[in-house]
Amino acid sequence: MNSFKKFIFQLQEITNLIISAFLGVFKKPHYLVDLIRQMDIIGVGSLPIVLLTGFFTGGVLILQTYPTFQYYSIQSTVGRTVATSLIRELGPVLTALMVSGRIGSAISAELGSMVVSQQIDAMRALGTDPMRKLVAPRLLALIFMLPFLTVAADIFGIIGGGLVATGIFNMDYNAYITSVRSGISTADIIGGIVKPLVFGLIIGSISCYKGLTTEGGTVGVGRSTTNSVVLASIWVIIFDFFLSRAINTVLDIKYI
Amino acid sequence: MLPQTDAETVSTDENLEQELEPTDLEDAVDEPERVTPAIEFRDVHLSFDDKKVLDNVSFIVRRGETKIILGRSGGGKSTTIRLILGLLKPDSGQILIDGEDITGYSEVKMMDVRKKIGMVFQEGALFDSLSVYDNVAYRLHEQGKPKEEVEHEVQRMLQFVDLEDAIDKMPAELSGGMLRRVGIARALVGDPSIVLFDEPTAGLDPPTARTICELAIKLRDIQDVSSIFVTHELKNIEYLSSEFAVVDENGQVVFEMEGEKMCLINTEIVMLKQGKIIFTGKNEEFFGSDDPYIKKFVRGR
Ligand SMILES: Nc1ncnc2c1ncn2[C@@H]1O[C@H](COP(=O)(O)OP(=O)(O)OP(=O)(O)O)[C@@H](O)[C@H]1O
Ligand SMILES: [Mg+2]
């Protein structure tokens, strides 16, 4: 019962954090510079690892599925499989996991050490609301950049898959492209954008919350960093399931 | 529930006047705003878990007065200061800033109150991602002041604490005493009417410590700033409670000893012992006190 209470309490706190961060966006002063800096760190900074992840995931998908498809003589549809699984699932989830590892941990470590060195108190004492100065730019930047990163991962995954299909299995280049095209539907693309928006919110709010509630010196910073990555990753995966179900229902996607 | 409704109503002018009425009517005729204390604690209690940190603490800091808060380590001095800034909320009791009851204030409302308070943190608490310049300029940047004005003010403040050379350094490159002095410069930017010093001289050499005391004296006597000065060092008490600053014929600030001219120095000592106030008064009374705890504090054994 006690841990359930704690869970509800944290959920409430995180909701409050999200609300006050968003409400603060409309008040002066606007922290536009901070937002742009965070978008640079989160978006541009994460691009290399996200592209690499996408590229090799696409590649390995073809590597593992092509022989089976060939056995059933449906190898011409292999591009479609890669495109669908990347855009619907692997792109959003893997990108979110990479970003939560790279950015989520950095956010809670930074905010956590600001808490233990009293910089957050100093900021409040100087009349700045940390929700607006620190939380809002990080949250917005994550929500805004994650869809772009996801799309980039999707594209590089398809390219990676294409290189493996044409390079290793000697598949015809045009046949691969045609197959990929037949696998992409508008509904998939919408789903592939909605998911990262939600994942960005999850990663941002959990890592900011964990960072700002750090207690117990440097050891505490380590603890809240680990917690924020673990929690954000788990919630991304849990939400992915329910989001997939919801998107499929709303957009009427058939399971084929 | 109750304190919150209190807080909402107290800020209106009517209530302010009500509070003024009973006391010091003669002074009130001349300068009504001087009667309202800059800081007032009324029966403040605060516990962390089971530990009582402040127990029924009441005191007043008048306009232009410096209160020296003394107490052993862990005695609740920093906690008192954090309460004034609203970084912590008391379990019970009221805290008033310029007559405004801030006890129930939300974080958003508190921001306006904090604008008139400068705080020097015990550990410096500089923003380590910002340079010395940006740290000192922080408040002005937040207020969107024009660049020239910010530059001028930062230069002036850094000159004040004798750190013009460090302007482009990052906090990680500074010594402990330099960090503290940057912290002081940052707190004083924007001329706050209340300044809170949390052990500003700890770990500094005697001349630098003296400079910081002179600074506090100047703020008190020339700029009419109300302040709280937390310290362990008896030397600081001596400076603050026996000297005063005046501007001489040449426009220079000079420090004179009490007694050279008729003067009542506007400084009092408050002694905390395990969360309770055990002494309030002038320095002579303090050093002449018979209380064994105070004697031990003064002599160290
Ligand atoms: N966030 C907190 N959680 C729990 N206990 C705390 C917290 N902050 C302070 N305390 C406790 O409150 C007491 C008073 O602390 P405070 O920092 O006010 O002491 P102090 O008088 O400033 O001491 P020093 O001279 O060493 O700075 C201490 O016993 C401390 O352990
Ligand atoms: Mg202290």
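With a 10 Å cut-off around each Cβ of A:112-123, the average count of Cβ atoms from other chains is 5. Averaged over the residues of B:113-120, the number of partner chain Cβ atoms lying within 10 Å of the residue Cβ comes to 3. Let me know the shape class of chain B, please: from the alpha-carbon gyration tensor, a ≥ b ≥ c as square roots of the eigenvalues, rounded when a/c is under 1.5, otherwise prolate if a/b is greater than b/c, or oblate. Taking the square roots of the gyration eigenvalues as a ≥ b ≥ c, chain B is rounded. Grab the beta carbon distance between A:ARG37 and B:ASP248, set R0 = 51 Å, and tell me the FRET efficiency rounded to 0.05. That gives a FRET efficiency of 0.55. Remark: mean inter-chain Cβ contacts per residue of B:163-171 equal 0, using a 10 Å Cβ-Cβ cutoff to other protein chain atoms. Accessible surface for the protein assembly as shown, divided over its residues, is 49 Å² per residue with a 1.4 Å probe.
For the protein assembly as shown, a crude dipole built from +1 on the beta carbon of Lys and Arg and -1 on the beta carbon of Asp and Glu, taken about the Cα centre, is about 3340 debye to the nearest 20. Once you've got the GNM for chain B with C-alpha springs shorter than 10 Å, pick whichever of B:ASN135, B:ASN56, B:ASN266 has the biggest mean-square fluctuation. Among B:ASN135, B:ASN56, B:ASN266, the largest mean-square fluctuation in the Gaussian network model of chain B belongs to B:ASN56. Which of rounded, prolate or oblate describes the protein assembly as shown when judged by the alpha-carbon gyration tensor and an a/c cut-off of 1.5? Since a/c reaches 1.5 and a/b is larger than b/c, the shape of the protein assembly as shown is classed as prolate.
With all projection directions averaged, the alpha carbon convex hull of chain A covers 16.1 nm². When the listed pairs A:LYS5/B:LYS276; B:LYS67/B:LYS147; B:LYS77/B:LYS115; A:LYS6/B:LYS273 are checked against a 31 Å cut-off, the alpha-carbon distance exceeds it for A:LYS5/B:LYS276; B:LYS67/B:LYS147; A:LYS6/B:LYS273. Picking from A:ASN227, A:ASN16, A:ASN170, which is most flexible by a Gaussian network model of chain A using Cα springs under 10 Å? Residue with maximal mean-square fluctuation among A:ASN227, A:ASN16, A:ASN170: A:ASN170. Our analysis of the range B:177-263 gives Rg over Rh at 0.96, with the two radii drawn from alpha carbon positions and Rh computed by the Kirkwood formula.
Exposed loop sites, defined as chymotrypsin sites (Phe, Trp or Tyr not before Pro) outside DSSP H, G, I, E and B with at most 11 other Cβ atoms within 10 Å, are absent from the longest region of chain A, namely A:73-254.
Helices assigned as whole DSSP H runs in chain A whose Cα atoms extend at least 18 Å along their own long axis and whose mean Kyte-Doolittle hydropathy is -0.5 or higher are found at A:2-24, A:45-71, A:136-167, A:186-212, A:217-250. A DSSP coil position with no more than 15 other Cβ atoms inside 10 Å describes the following trypsin sites (Lys or Arg not before Pro) in the range B:123-210: B:LYS169.
The values are calculated or read from the model by the stated rules, or taken from the named source; none is laboratory data. Quantities reported herein were computed from a predicted structural model and do not represent experimental measurements. Every residue, glycine as well, gets a Cβ built from its backbone with ideal geometry; the counts of neighbours run over all protein chains shown. Each accessible area value is taken on the protein alone, full model and side chains, heavy atoms only, with ligands, DNA and RNA left out. Shrake-Rupley method; radii C 1.70, N 1.55, O 1.52, S 1.80 Å.
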